[in-house]
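> I'd like to ask you about the structure that follows.
The values are calculated or read from the model by the stated rules, or taken from the named source; none is laboratory data. Everything numeric here is computed off the predicted structure, so don't read it as measured data. Here the Cβ is made from the backbone with ideal geometry for all residues, glycine too, and neighbour counts use every protein chain on show.
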Amino acid sequence: MTNYEVIVRPIVTEKAVGKKEADNTLCFEVSAAANKVQIKSAVEKLFKVKVAAVRTAINEGKLRRRGRFSGYRSDWKKAYVRLKAGQKMPEYAEI
């Protein structure tokens with residue numbers, strides 16, 4: 001699995017941006033098959049930073065209805081990546 005397959009996209013929500021500013025932590029949607037070692041390696045290589053810790057969470061898909069039709073969204077995996085002290089934060093969330 002390549003680094004670009006491990007990290008699907010950065011998550012830019014109010015909570016994620018708050019954690020980025022306050023706790024020196026980045027938030028990504030990652031591949032469901034990726035483990036913490038692969039996530040750490042991918043972030044270090046892509047953003048050229050040092051990673052202190054990785055936490056992951058699997059979010060279950062919600063039930064969605066469109067009129068009389070219903071189905072479930074896909075399950076997805078989220079990773080919180082804390083950078084070591086003194087590392088410069090990558091600016092992927094610039095608007």
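> Restricting the stretch 18-53 to residues that are hydrophobic (A, V, I, L, M, F, W, C) and assigned to a loop (DSSP other than H, G, I, E, B), which is nearest to GLU91 (Cα to Cα)?
Going residue by residue through the stretch 18-53, those that are hydrophobic (A, V, I, L, M, F, W, C) are 22, 26-28, 30, 32-34, 37, 39, 42-43, 46-47, 49, 51-53.
When the remaining residues are screened for being assigned to a loop (DSSP other than H, G, I, E, B), the result is 32-34, 49.
Details: ALA32: 25, ALA33: 26, ALA34: 24, VAL49: 12 Å.
Step by step, filter the stretch 18-53, then rank; the result is VAL49.
> What number of residues within the stretch 1-17 satisfy the criterion of being out of contact with any Pro (no Cβ under 9 Å at 6 or more places or on another chain), in a helix (DSSP H, G or I) and not aromatic (Phe, Trp, Tyr)?
6
> Return the residues of the stretch 75-95 that are surrounded by 10 or more Cβ atoms within 10 Å (Cβ to Cβ) and in a loop (DSSP other than H, G, I, E, B); say none if nothing qualifies.
Hits for the stretch 75-95 are ASP75, LYS84, GLN87, MET89, PRO90, TYR92, ALA93.
> So in the stretch 31-55, with the set limited to residues that are β-branched (Val, Ile, Thr) and in contact (Cβ under 8 Å) with a residue 40 or more places away in the chain, which one is surrounded by the fewest Cβ atoms within 10 Å (Cβ to Cβ)?
At the first step, the residues of the stretch 31-55 found to be β-branched (Val, Ile, Thr) are 37, 39, 43, 49, 51, 54.
Okay, now just the ones that are also in contact (Cβ under 8 Å) with a residue 40 or more places away in the chain, so 39, 49.
Working: ILE39: 24, VAL49: 17.
Filtering the stretch 31-55 for residues that are β-branched (Val, Ile, Thr) and in contact (Cβ under 8 Å) with a residue 40 or more places away in the chain, the one surrounded by the fewest Cβ atoms within 10 Å (Cβ to Cβ) comes out as VAL49.
> List pairs: first residue in the stretch 56-82 and within 21 Å of VAL37 (Cβ to Cβ), second residue charged (D, E, K, R) and at pLDDT below 95 anywhere in the structure, Cβ distance under 8 angstrom, at least six positions apart or on different chains.
TYR80/LYS19; ARG82/ASP23
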